[in-house]
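Below is one structure, written out as C-alpha cells; comments come after it.
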Amino acid sequence: RATMKSLRFISAEAFVSNAEFARKSLGSVARNLFPLLFKASYLLEQGEVIHDLVENWPFAEFNMGELLGATVDYQEDLSHRTCSVCLESCLTGLRDYVLNHPSPYAKRLKVVDLTGIKDVEIQFCKCKKTMGRWARTQLLSKLCLELLVYLQERCCNPGIFEISIDVLIDLFVTEWNYELVVQALLKKCYCPLKICCVAFRSDNLALQKFFYITKLIDPSLLRKLEIVHNVRLEMEHLEMLFNSIHFPLLMSLTLPARTFNVRRFTATDERMLTNIGEKMGKMTQLTELSMSFSILTGRIQKLLSPLKTPLKMLDVSNCSLNHADMAYLANSFHANHLEALDLSGHNIPDLYPSTFFKLLSHSSSVLRSLTLEDCNIQDTHVNMLILSLSPCQKLQEFRFLGNPLSSQALKHLFTFLCELPMLKNVEFPVPRDCYPVGITYPVDDACLCRFDHQKYESVAEELNLILLQANREDVKVSTPLFGSYDAAVQETNNELGAYLIKSFKETLEKFTTSLNKMS
C-alpha cells in the first residue's frame, strides 16, 4: 500500500534525483531542509547526495532512527532499510565532515546516533545489497583508523583536533573483525569520531578476547549485552565478568547456551549462582533476560528473585524448568510485566498446565510476544491453549513451531487467533498429518523436510483463507522450518560455517590421535 507523500517531500525527491545539481546547490539550501532531503535521498538511494548532506550537516545531532522514521512529510519508516549504498555514504560523509574545513556551516555536530537502524529479513532497496550490524561495526572502525592515519600524515587545520563527535552504535564483534575494532577502541581518545557502544554482541570469540574488548567498550554506557553461540562462557566466567565489570545502564542480557548446568552443581556452584543473582539484582535497569539452552532446573527463583526491576522479556527456552520454577514465574512480580516470553522446549501440557495458565493470565494485559516451540502441544490441548490465550488481547506475535498438531487442530486454533485484535505474526508447525505415520517429536533435522509439501501448501491456503474471511489479511503467517530469521547469524554464517568445519576437523584429529595411541 502506497504511503502518502507531502508536496514538500515530492519536491525534495525531485531536487535530489539529479545528484549533480543537488550537490552543487547544497550550499544555498536552508539548513532546516537537510533532514527532509536526507530522507528523500535515502529513499531514492542517492549515495552521493547522502554523503554531501552528512559532510555538511548543520545540526548538533544526527539521529538515523529519527531521520528515517515516520515524519509528517512521509509516514513510511525507512529505518529497516540497511541499504549498503546509503549507509556507506553516511559513514564516509561523517569522516569527511571532520576533514572538510571550508564547510559553509559551522561545525556543530556533537552526537551521531546509528542505533535506530533495524536489520530485517526482507529488504526493499534497489541495490539489493545490505550492510548489517557486523559490516557497520567493521566500516566505522576502519574509517576511524583511516582518519587517524590521515591526520598524522598531513598538515591539517588545527581546528580538526578540537572536533569531538560521539558515534552511538550497536557493535557486533567476532574473530574476523576483532583486531580492527580493538585498534579503533584503543585509539578512541585521539580520534575526532568517538565510538560509543550502546549495544554489544559477541560471537565466535575466545573468552580472553571477549573479556578484553568488553572492558574497552566502556561498560558504563552499555544497555544491551549479547554473548552468543561460540563464546564458551560458563557460570564461573559469568561470575568473574560481573565481579570485575559494572554495567549500571544494562537493560538487556543474552547468555550463550550451557552457561548454567545445575546437574553437576557443587556447594561452590550454588554460592556462585547466588552471587550472580545478587549482581544482576544491582543492575537496576535490567528488564530483558535470555538464558536459552542452559539447565536451570529448580534454580529460577534463586537467579531471578534478587532482581529489583520486573522483567519485560524472558527467554528460558530449553532450560529444563520444573514445576517449582513455573510456579515461581507465575507468582512472581515479573509475571504482570512480561511483554515477551519464550518457554520453548518444555512439555507444558503434561508438566504444568495450570501454572502455565496462571502465568499467562497474570501477563495477559501486557504480553505482546509468546513462543511455545517444541512444547508437545497436541490436538487434545488446543482448547486449553485457546482458553489460556483468550485474555492476551495485546498479543502481536505467536510462535509454536515443532508441536504435533493436525491440520484440523490448526484450523480450529486459527479461527480463534483471528479474534486477537493486535496479532500481526504467526509461525505455525507443519501439520502432523503431512509427515509420514510414526514420526516422533521433536522432529530431528534429518526428517524436518520429509513431509508432503503439496498437502502442506493446501493446508496453508486453508489457514490463510480463514484469516481472509475474518478480514485479517494483516496477519503474516509462515513456517520457518529452521527457526525464525536472525539477521546477525545470517550476516556471519560464512564465519560460523568456517568455525564449525575447523572444530569438526580438530575433533577428528583428536579422535585419530587417540585411536593411534590405543593401537
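The values are calculated or read from the model by the stated rules, or taken from the named source; none is laboratory data. These figures come from a predicted structure and were not determined experimentally. A quick note on method: Cβ atoms are made from the backbone with ideal geometry, for glycine too, and the neighbour counts reach across all protein chains shown. Note: accessible area is taken over every heavy atom of the protein model, side chains too, but ligands, DNA and RNA are not part of it. Shrake-Rupley method; radii C 1.70, N 1.55, O 1.52, S 1.80 Å.
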For LYS107, are the conditions met, namely being in a loop (DSSP other than H, G, I, E, B), open to solvent by 50 Å² or more (accessible area, probe 1.4 Å), within 20 Å of VAL54 (Cα to Cα) and at pLDDT below 95?
yes
Can you tell me how many residues within the range 447-462 are loosely packed, with under 12 Cβ neighbours inside 10 Å and in a helix (DSSP H, G or I)?
4
Within the range 211-225, tally of residues that are touching a strand residue (DSSP E or B) at 6+ places or on another chain (Cβ under 8 Å) and without any contact (Cβ under 8 Å) to a residue 40 or more places away in the chain:
5
ARG136: open to solvent by 10 Å² or more (accessible area, probe 1.4 Å) and at pLDDT below 95, yes or no?
no
Does ASP445 satisfy being modelled with pLDDT under 95 and of a type outside the set (Ser, Thr, Tyr)?
yes
With the condition kept exactly as written, say whether any residue in the range 115-132 is at pLDDT 95 or above, open to solvent by 10 Å² or more (accessible area, probe 1.4 Å) and among the β-branched types (Val, Ile, Thr).
yes
Under 18 Å from GLY483 (Cα atoms), of a type outside the set (A, V, I, L, M) and in a loop (DSSP other than H, G, I, E, B): is that true of CYS375 in this structure?
yes
Of all the residues that make up the range 171-223, how many are polar (S, T, N, Q) and buried (at least 18 other Cβ atoms within 10 Å of the Cβ)?
5
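Suppose we keep only residues that are among the polar types (S, T, N, Q) and touching a Cys at 6+ places or on another chain (Cβ under 9 Å) within the range 282-297. Which one would you say is most open to solvent (accessible area, probe 1.4 Å)?
Out of the qualifying residues, it is THR297.
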Every listed condition ((1) open to solvent by 50 Å² or more (accessible area, probe 1.4 Å); (2) touching a residue at least 24 places away in the same chain (Cβ under 8 Å); (3) closer than 20 Å to GLN123 by Cβ) holds for ASP77 save (2)
Those residues of the range 389-403 which are crowded, with 21+ Cβ neighbours inside 10 Å and over 18 Å from VAL475 (Cα atoms) amount to GLY402, ASN403
Working only within the range 19-49, note down all residues that are open to solvent by 60 Å² or more (accessible area, probe 1.4 Å) and closer than 17 Å to LYS126 by Cβ.
GLU48
Assuming ASN56 fulfils every condition listed in (1) under 34 Å from the mean Cα position of the chain (by Cα); (2) surrounded by fewer than 16 Cβ atoms within 10 Å (Cβ to Cβ); (3) free of Cβ contacts under 8 Å to residues at least 60 places away in the same chain apart from one, which condition is it?
(2)
Sole residue being of a type in the set (Gly, Ala, Ser), under 19 Å from the mean Cα position of the chain (by Cα) and modelled with pLDDT of 95 or more, chosen from SER365, SER317, SER361
SER317
Being in a helix (DSSP H, G or I), under 22 Å from LEU145 (Cβ atoms), among the aliphatic types (A, V, I, L, M) and modelled with pLDDT of 95 or more is the requirement here; does LEU91 meet it?
yes
For TYR74, indicate whether it is over 20 Å from TYR485 (Cβ atoms), aromatic (Phe, Trp, Tyr), modelled with pLDDT under 95 and touching a helix residue (DSSP H, G or I) at 6+ places or on another chain (Cβ under 7 Å).
no
Over 18 Å from SER202 (Cβ atoms), open to solvent by less than 70 Å² (accessible area, probe 1.4 Å) and within 22 Å of the chain's Cα centre (by Cα), is that true of MET272?
no
Here are some conditions: (1) hydroxyl-bearing (Ser, Thr, Tyr); (2) under 29 Å from VAL149 (Cβ atoms); (3) open to solvent by 10 Å² or more (accessible area, probe 1.4 Å). TYR97 meets all but one. Which one does it not meet?
(3)
Is it the case that some residue within the range 255-263 is in a helix (DSSP H, G or I), open to solvent by less than 40 Å² (accessible area, probe 1.4 Å) and without any contact (Cβ under 8 Å) to a residue 60 or more places away in the chain?
yes
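Where residues in the range 412-432 are open to solvent by 40 Å² or more (accessible area, probe 1.4 Å) and either charged (D, E, K, R) or in a helix (DSSP H, G or I) (or both), which of them is nearest to ASP350 (Cα to Cα)?
Within the range 412-432, the match that is nearest to ASP350 (Cα to Cα) is ARG432.
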Of the candidates VAL198, VAL181, the one satisfying the condition of being in a helix (DSSP H, G or I), over 25 Å from ASP269 (Cα atoms) and under 21 Å from the mean Cα position of the chain (by Cα) is VAL181
Among (1) over 20 Å from GLY277 (Cα atoms); (2) surrounded by fewer than 16 Cβ atoms within 10 Å (Cβ to Cβ), there is one condition MET240 misses while meeting the rest; what is its number?
(1)
Of the candidates ILE377, ILE386, ILE348, the one satisfying the condition of being surrounded by fewer than 21 Cβ atoms within 10 Å (Cβ to Cβ) and touching a residue at least 12 places away in the same chain (Cβ under 8 Å) is ILE386
Residue that is farther than 21 Å from VAL231 by Cα and within 23 Å of the chain's Cα centre (by Cα), where the choices are PRO306, PRO310:
PRO310
Kindly establish whether ALA327 is among the hydrophobic types (A, V, I, L, M, F, W, C), open to solvent by 10 Å² or more (accessible area, probe 1.4 Å) and within 15 Å of LEU253 (Cβ to Cβ).
no
